[in-house]
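In what follows, a structure is listed as C-alpha cells, so that the remarks can point back to it.
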Amino acid sequence: MADTISFPFRITKYGEAAKTVQGTDEYYSEQIATILLTVQGERGLEPLLGIPDIAFDGFQNSALQSQVATYLPELRNVEGRITKIGIDKQSVTVSFETGAEG
C-alpha cells in the first residue's frame, strides 16, 4: 500500500511530512475526518464532498453514510454516535469496519 500525507498536515520530529499507510484504520479515520470537517460546496473541484454545515444543521448520520458510500465504499457498518457536551456542544464518534473485516 502507498503512503499518503496525513490529515491534518503536520511535520514529524525529523522535519518531514507525517504520512499514513493507505488502507489502514488510521488512513480511514483521517479520510472520515476530512468528510466531517468539509462543508458541502466548500471545495470548488469537488463540490459534493463533505456534509451540510454542522453549525446550522447539526450532525446528520445519514449525510455521513452517504458520503462514505460515495467516497469510501470499502468501509462497512459506518456509524456516527453523538454525545452532548453541555447545552451548545456535541461530540461525534465514528466507528467503521473495512471491507476485509466484514
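Working from Cα pairs under 8 Å separated by at least six residues, relative contact order for the chain is 15 percent.
Selection among Gly23, Gln40, Thr93 by position relative to the dipole of the chain gives Thr93 as farthest towards the positive end (Cβ unit charges, Cα centre). Taken about its Cα centre, the chain carries a charge dipole of about 240 debye when Lys and Arg each add +1 at the Cβ and Asp and Glu each add -1 at the Cβ. To the nearest 10 degrees, how steeply does helix 25-36 sit against the main Cα axis of the chain, on a 0 to 90 scale? The angle comes out at about 40 degrees.
The angle between the Cα long axis of helix 61-71 and the main principal axis of the chain comes to about 30°, on a 0 to 90 degree scale. What is the sum of charges around Ala55, taking Lys and Arg as +1, Asp and Glu as -1, for the other residues whose C-beta is under 12 Å from the C-beta of Ala55? Here the charged neighbours net out to -2. The HN-Hα couplings worked out from phi for segment 18-24 by the Karplus form 6.51 cos²θ - 1.76 cosθ + 1.60 (θ = phi - 60°) are 5, 10, 10, 7, 4, x, 8 Hz, whole numbers, x standing for Gly and Pro.
Read-outs throughout are calculated quantities, based only on the coordinates presented, and are distinct from any laboratory measurement. Model, not experiment: these values are computed from the prediction. Here the Cβ is made from the backbone with ideal geometry for all residues, glycine too, and neighbour counts use every protein chain on show.
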